[in-house]
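**Student:** Okay, handing you the structure first.
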Amino acid sequence: MRSLIKYIVCSFVFVTGCASEYSIVSPSLDITIPAEEPFEVPVKIPEHPIQEIEVPEIPEEPEEPPAFPDIEVTPLESELGSLDVLAAESFEQNFTISNVGDADLEILSISLEVNDGMFSLVDSEPRSIVPSDLSDFISIFHPDSSGAKEEYVIVESNDPDEPLIRVPLSGEGLAPQIEVDPMFYSYGTPLIGCPEELLIFIRNIGTTNLEVSRITYSYTPDLNFIIDEALYGEAPWTIFPGEELEAIATYEAYNEIYDLAYLTVESNDPLEPVVIATHEGDAVRAGTITDSFIQEETEEVDILFVIDNSCSMGDEQVDLATNAVSFITTLDASGADYRLATITTDSPNFIGPVLSLGYPDIVTEFEAQLVAGVSGSATEKGLEMAYQATDIGGDAESGGLFQRPNAVLSIVFVSDEDDWSTLSVDTHYVPWFQSLKISPDKVILHAIIDDPADAIYCGTGGYRYIDAAALTGGITSSICTDTWADDLETLADGSLVPNLDFPLNEIPLPESIEVAVNGMPVVAGWTYDGYSNSVVFTEPFAPEAGDLVEITYGYYSDCP
């Protein structure tokens, strides 16, 4: 390109100045100009010809383009396959990062997005990659449970276009996976005594066989757990993928105590080898009731005399019969409802009829029975004969004409010799007699024998009879005494025990029973007997005649 430049050639005017004025110096003009005042100077510009000058074109220098890094990751996704978890299989995938740009590529970080432990990275530290160079890192897949797994590798760099690259990873874990259904169950508040049932399922929702090695159930007595071993066999149990094992838990409470149980299932599930399910229940009573009683003034008592009928007992039998009236008089005065019967030391059969209050000429009949004769066996077995008489089918069996279930049983052994029965006093005979009653306090054994401790000695000593009396709180009197009347009165009084049994109208919750006598709580001296459904007092704590006995308790009811 050519440029035409016109220019004017003229004479220059030089101007000098000072603080107060300017001067223009010219070869033909000398003028003084006041300070700060406008002044026009005529200038004549002579005409000159315009000259054209050709200026050569200067070439433009080209701009260099900017340099940038450019990231490329291969592969951009990875399927890592199906791996056996129990065999600890793993798979490695190599990744390459290339810099296809023309500036250094700065890898700021290589990380996992989820980072749940089933994928890991090797050689993932930050790095710098020059243009046209590359660098590798490795992803390792090692599943710890069954099912499809997903992850993302995040590569962060200084690439201006792709500062963040997400590389998807996927794979599958092959393993058993347990499911216990339900994991928690509450039976709520059912009625006590009413059973509740719960179906429990142990499933394999994994992809390989589940081996259940053990199932334990820690529970209170009201909770229970059953696996049908006839159907499933014994442990260990194999559950195939998609299948289940069924069990039953039951809850049947018999008290008002909160119940809690833990079902523990142990298996080869790699993620949850021990699974614990919880069951609970808090049963309630059907209602509350109070049974009231007035302690009776009279008591039922059944008295069995066992008379030694050996040849040495003639005088003693006569003395006993002579004072029988004292015994009967004491019983009549007590107001007790009594029955009397007599057997011998060699026979369990009654001598004569059973006597009771109101029997015609009862004293005469009782005297006749006490004189049992002296032709009996010299091997006296009073304990054995009493046992046979009170056994099932015996003359004195419970529920028969003589022995009433709720009456006090008093057995009086009269002998001048010791007992020759073959079985133990404390482990056989006494426990047998006590088993005939709800409360052992309602069995009393007395002994009228030759007491070795007594000053008067007239026989061979009745040691086994003494032991029997001592074990039941009975009275021991000497057969050698001449105070038969007093002794028989004492025996009569000793055979009278106040009423100890108070039968309940409903089946109670034993721990809920509360006893009060005349409005005052009684916390000791009584027990509940489930066999007879009664509250039974021990004799020292027995209510006195006329006392108000109130027994309050929660009770069962029919189940819905």
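**Student:** Which condition number in (1) at pLDDT below 95; (2) over 27 Å from E172 (Cβ atoms) is the one that L108 fails?
**Tutor:** (1)
**Student:** Something else about it: Among what's in region 197-209 and is surrounded by fewer than 18 Cβ atoms within 10 Å (Cβ to Cβ) and in contact with an Asp or Glu (Cβ under 8 Å, 6 or more places away or on another chain), pick the residue that is farthest from G287 (Cα to Cα).
**Tutor:** I205
**Student:** Of the conditions (1) at pLDDT 85 or above; (2) farther than 21 Å from L409 by Cα, N323 clears all except one; give me its number.
**Tutor:** (1)
**Student:** Something else about it: Which pairs do you get when a residue that is over 17 Å from L76 (Cβ atoms), found in region 123-139, comes within reach of a residue that is of a type in the set (D, E, K, R) and assigned to a strand (DSSP E or B), reach meaning Cβ atoms under 6 angstrom, with the pair 6+ apart or on two chains?
**Tutor:** Every condition considered, the pairs that remain are S128/E106.
**Student:** Could you check how many residues of region 507-532 are of a type outside the set (F, W, Y) and under 16 Å from V549 (Cα atoms)?
**Tutor:** Step one: of region 507-532, the residues of a type outside the set (F, W, Y) are 507-525, 527, 529-530, 532.
Checking which are under 16 Å from V549 (Cα atoms) leaves us with 513-525, 527.
Result for region 507-532: 14.
**Student:** Kindly provide the set of residues from region 385-420 that are buried (at least 20 other Cβ atoms within 10 Å of the Cβ) and farther than 24 Å from S532 by Cα, ordered by number.
**Tutor:** If the condition is that a residue be buried (at least 20 other Cβ atoms within 10 Å of the Cβ) and farther than 24 Å from S532 by Cα, then M385, A386, V412, F413, V414, S415, D416, E417, D419 are the ones that fit.
**Student:** From the list S145, S109, S120, exactly one residue is in a strand (DSSP E or B) and farther than 17 Å from T74 by Cα. Which is it?
**Tutor:** Numbers: S145 fails: in a strand (DSSP E or B); S109 fails: farther than 17 Å from T74 by Cα.
So the residue among S145, S109, S120 that is in a strand (DSSP E or B) and farther than 17 Å from T74 by Cα is S120.
**Student:** Under the condition of being surrounded by 13 or more Cβ atoms within 10 Å (Cβ to Cβ) and among the charged types (D, E, K, R), which residue from region 134-161 is farthest from F95 (Cα to Cα)?
**Tutor:** Result: D144.
**Student:** Please specify each residue of region 498-545 satisfying the condition of being part of a loop (DSSP other than H, G, I, E, B) and over 37 Å from the mean Cα position of the chain (by Cα).
**Tutor:** Those that are part of a loop (DSSP other than H, G, I, E, B) and over 37 Å from the mean Cα position of the chain (by Cα): P498, N499, L500, N518, G519, A542, P543, E544, A545.
One line per residue, one yes/no per condition, for (1) of a type in the set (A, V, I, L, M, F, W, C); (2) within 30 Å of I411 (Cα to Cα); (3) in contact with a Ser or Thr (Cβ under 8 Å, 6 or more places away or on another chain):
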{"residue": "G287", "(1), (2), (3)": "no, no, yes"}
{"residue": "E300", "(1), (2), (3)": "no, yes, no"}
{"residue": "D308", "(1), (2), (3)": "no, yes, yes"}
{"residue": "E316", "(1), (2), (3)": "no, yes, no"}
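**Student:** If you go through region 68-94, how many residues are acidic (D, E), under 26 Å from S267 (Cα atoms) and part of a strand (DSSP E or B)?
**Tutor:** So the count comes out to 1.
**Student:** Only one of A87, A103 is surrounded by 14 or more Cβ atoms within 10 Å (Cβ to Cβ) and over 12 Å from I138 (Cα atoms). Can you tell me which?
**Tutor:** Within the list A87, A103, the selection yields A103.
**Student:** Now, a different point. Has region 326-344 got at least one residue that is touching a residue at least 40 places away in the same chain (Cβ under 8 Å), assigned by TED's automatic domain parsing to the domain that holds R404 and part of a loop (DSSP other than H, G, I, E, B)?
**Tutor:** Checking region 326-344: at least one residue is touching a residue at least 40 places away in the same chain (Cβ under 8 Å), assigned by TED's automatic domain parsing to the domain that holds R404 and part of a loop (DSSP other than H, G, I, E, B).
**Student:** So L409 fits all but one of (1) assigned to a strand (DSSP E or B); (2) in contact with a Gly (Cβ under 6 Å, 6 or more places away or on another chain); what number is the exception?
**Tutor:** In the conditions (1) assigned to a strand (DSSP E or B); (2) in contact with a Gly (Cβ under 6 Å, 6 or more places away or on another chain), L409 misses (2) alone.
**Student:** Taking region 521-560, which residues are of a type in the set (G, A, S) and in contact with a helix residue (DSSP H, G or I) (Cβ under 9 Å, 6 or more places away or on another chain)?
**Tutor:** A524, G525, G530, A542, G554 - these are the residues of region 521-560 that are of a type in the set (G, A, S) and in contact with a helix residue (DSSP H, G or I) (Cβ under 9 Å, 6 or more places away or on another chain).
**Student:** Report every pair of residues separated by at least 6 positions or lying on different chains whose Cβ atoms are under 8 Å apart, first residue within region 419-435 and part of a helix (DSSP H, G or I), second surrounded by fewer than 16 Cβ atoms within 10 Å (Cβ to Cβ) and of a type outside the set (F, W, Y).
**Tutor:** Pairs that qualify, where the first residue is part of a helix (DSSP H, G or I) and the partner is surrounded by fewer than 16 Cβ atoms within 10 Å (Cβ to Cβ) and of a type outside the set (F, W, Y), are Y429/L423.
**Student:** Being closer than 19 Å to Y254 by Cβ and in contact (Cβ under 8 Å) with a residue 60 or more places away in the chain: is that true of G554 here?
**Tutor:** Values: closer than 19 Å to Y254 by Cβ: yes; in contact (Cβ under 8 Å) with a residue 60 or more places away in the chain: yes.
For G554, the condition - closer than 19 Å to Y254 by Cβ and in contact (Cβ under 8 Å) with a residue 60 or more places away in the chain - is met.
**Student:** Moving on. Pull up region 247-266, narrow it to residues that are in a strand (DSSP E or B) and of a type in the set (S, T, Y), then point me to the one that is surrounded by the most Cβ atoms within 10 Å (Cβ to Cβ).
**Tutor:** Checking each candidate, the answer is Y251.
**Student:** Taking region 111-149 as the search range and keeping residues that are over 53 Å from the mean Cα position of the chain (by Cα) and of a type in the set (G, A, S), which one is nearest to L174 (Cα to Cα)? Can you show your working first?
**Tutor:** Step one: filter region 111-149 for residues over 53 Å from the mean Cα position of the chain (by Cα), giving 126-136.
With of a type in the set (G, A, S) added as a condition, the list becomes 128, 132, 135.
Working: S128: 39, S132: 41, S135: 33 Å.
Among those that are over 53 Å from the mean Cα position of the chain (by Cα) and of a type in the set (G, A, S), it is S135.
**Student:** Could you tell me whether any residue of region 166-176 is touching a strand residue (DSSP E or B) at 6+ places or on another chain (Cβ under 7 Å), touching a residue at least 12 places away in the same chain (Cβ under 8 Å), buried (at least 18 other Cβ atoms within 10 Å of the Cβ) and closer than 30 Å to L223 by Cα?
**Tutor:** yes
The values are calculated or read from the model by the stated rules, or taken from the named source; none is laboratory data. Here the structure is a predicted model, which is why all the values come from computation and not from measurement. Backbone-built Cβ (ideal geometry, glycine too); neighbour counts: all protein chains shown.
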